[in-house]
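Asker: This is the structure I have questions about; it appears just below.
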Amino acid sequence: MQKILIQTSEMMNHQISTHDLLCRIGGDEFILVFRKVPSVSHVEAMAKRILNAVKEPVLINSYEIHPGCSIGIAVINTENNDIEKILKNADLVLYSVKKSGRNNYCLYKAETEA
């Protein structure tokens with residue numbers, strides 16, 4: 001399991017800027033922090049690139065593994081800058097993606113909670 005997490009994190013790291021931060025927070029969950037976000041569409045494009053990169057097969061002990069990835073996105077703005085709330089919102093939409101079939105992303109919007 002550790003080898004696939006290392007290879008998957010390397011695939012994700014190759015998709016992001018050197019100014020961005022990728023952290024494993026436990027199990028198979030990661031947080032990606034963008035220091036500068038020109039637009040929400042930029043974040044969505046990045047999510048698509050990460051999804052494409054992670055779906056590439058990896059070789060572990062002579063076995064070809066086909067990993068997947070589900071992404072929950074929450075954006076900090078002037079109205080929403082509480083880090084705990086941001087993580088909760090990203091987690092909320094992440095589980096929505098997982099319920100709907102995985103290997104996709106979802107952007108948190110206030111109406112998601114309704």
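The values are calculated or read from the model by the stated rules, or taken from the named source; none is laboratory data. These numbers were taken from a predicted model, which means no experiment stands behind them. Neighbour counts run over all protein chains shown; Cβ positions are idealised from the backbone, glycine included. For the accessible areas, the whole protein counts, side chains as well, though only heavy atoms, and no ligand, DNA or RNA atoms are used. Shrake-Rupley method; radii C 1.70, N 1.55, O 1.52, S 1.80 Å.
Asker: Which of the listed residues, 90, 60, 110, is farthest toward the dipole's positive end in the stretch 42-114, when Lys, Arg count +1 and Asp, Glu count -1 at the beta-carbon?
Answerer: Farthest towards the positive pole: 60.
Asker: When every alpha-carbon pair in the stretch 53-114 is counted, what percent end up more than 12 Å apart?
Answerer: 70
Asker: So, one more: Ignoring ligands, DNA and RNA, what percent of the 1.4 Å accessible area of the chain is carbon and sulfur?
Answerer: 52
Asker: Can you give the direction-averaged projected area of the convex hull of the alpha-carbon atoms in the chain, in nm²?
Answerer: Computing the convex hull of the Cα atoms and averaging its projections yields 7.6 nm².
Asker: So what are the ³J(HN,Hα) numbers for the stretch 48-55, from phi and the Karplus equation (6.51, -1.76, 1.60; θ = phi - 60°), rounded to whole Hz, Gly and Pro as x?
Answerer: 5, 5, 5, 4, 5, 5, 6, 6
Asker: Are there any GluC sites (Glu not before Pro) in the stretch 49-86 that are in a DSSP loop and have at most 14 other Cβ atoms within 10 Å? List them by number.
Answerer: Listed in order of number, the matching sites are 79.
Asker: Follow-up question, since we're still on this one. In whole percent, what relative contact order does the chain give with Cα contacts below 8 Å and a gap of six or more residues?
Answerer: Dividing the mean separation by the residue count of the chain yields 20 percent.
Asker: Mind checking the per residue accessible area of the chain for me, 1.4 Å probe, whole number of Å²?
Answerer: With all protein chains present, the chain gives 68 Å² per residue.
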